[in-house]
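In what follows, a single structure is set out as structure tokens and then discussed.
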């Protein structure tokens, strides 16, 4: 029996759906596909996938409503939103509906696969272009006093959460670019994060930064 992550794909454009299927099939088992919201809900109900990859602009039931239905009725299925839309209100709506990850269709296929992998593991992923919106939705918890981060690392993570690039971080903090990269590397190791954006998401969810 395969131990690979099982994925359902809900996308109304056949060509895009085929491209996503190709990208996902190398690492995951695609257990069902649907071109609309009601069809996607049926697949999740029948196949109980680990992750549902959902477009926002679906016919008959949009991706936001579908996400709400899945998270309410099938909480064991995580949701990755994959869309062309990077508007703040759409991102916030997806997060409020319970999405675990949000990727733009313009992202490299490896990023989409990473988002699915993280969601399946109970983590979160948000496209770097909209990460600051995602971070604003999470509230710190009481674990801040147990943060493994130094004050400088927390300061750098706050800037990353605001969408600031490494070069600008170095300029703002009056330190070398190599020093910034070293801090980012240490931060990722401490938080077991896959990239700088994921590190910022994890830190804010755990209350290490605010």
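Read-outs: derived from the displayed coordinates by stated rules, not from any lab. Fair warning: this is a prediction, and the values are worked out from it, not measured in the lab. Using ideal geometry, Cβ is built from the backbone for each residue, glycine included, and neighbour counts are taken over all protein chains shown.
What FRET efficiency would be calculated for the residue pair residue 92, residue 164, taking the C-beta separation as r and a Förster radius of 30 Å, to the nearest 0.05? My answer for the efficiency is 0.90.
Hey, what angle do you get for helix 63-73 against the long axis of the chain, alpha-carbon based, 0 to 90 degrees rounded to 10? For helix 63-73, the angle is close to 90 degrees. The distance from the alpha carbon centre of region 105-123 to that of region 141-210 is 21 Å, rounded to a whole number. With R₀ set to 22 Å, the beta-carbon distance separating residue 179 from residue 151 gives a calculated FRET efficiency near 0.90.
Share of pairwise Cα-Cα distances greater than 25 Å in the chain is 39 percent (whole percent). By the compact-protein rule of thumb, 2.2 N^0.38 Å, the alpha-carbon radius of gyration of region 142-205 corresponds to a ratio of 1.02. Rounded to the nearest 10 degrees, the angle from helix 88-97 to the longest Cα principal axis of the chain is 70 degrees. Relative to the longest principal axis of the Cα atoms of the chain, the long axis of helix 177-191 makes an angle of roughly 60 degrees. If I model region 4-107 as equal point scatterers sitting on the Cα atoms and use the Debye formula, what is log10 I(q)/I(0) at q = 0.18 Å⁻¹? Debye output, listed in q order: -0.74.
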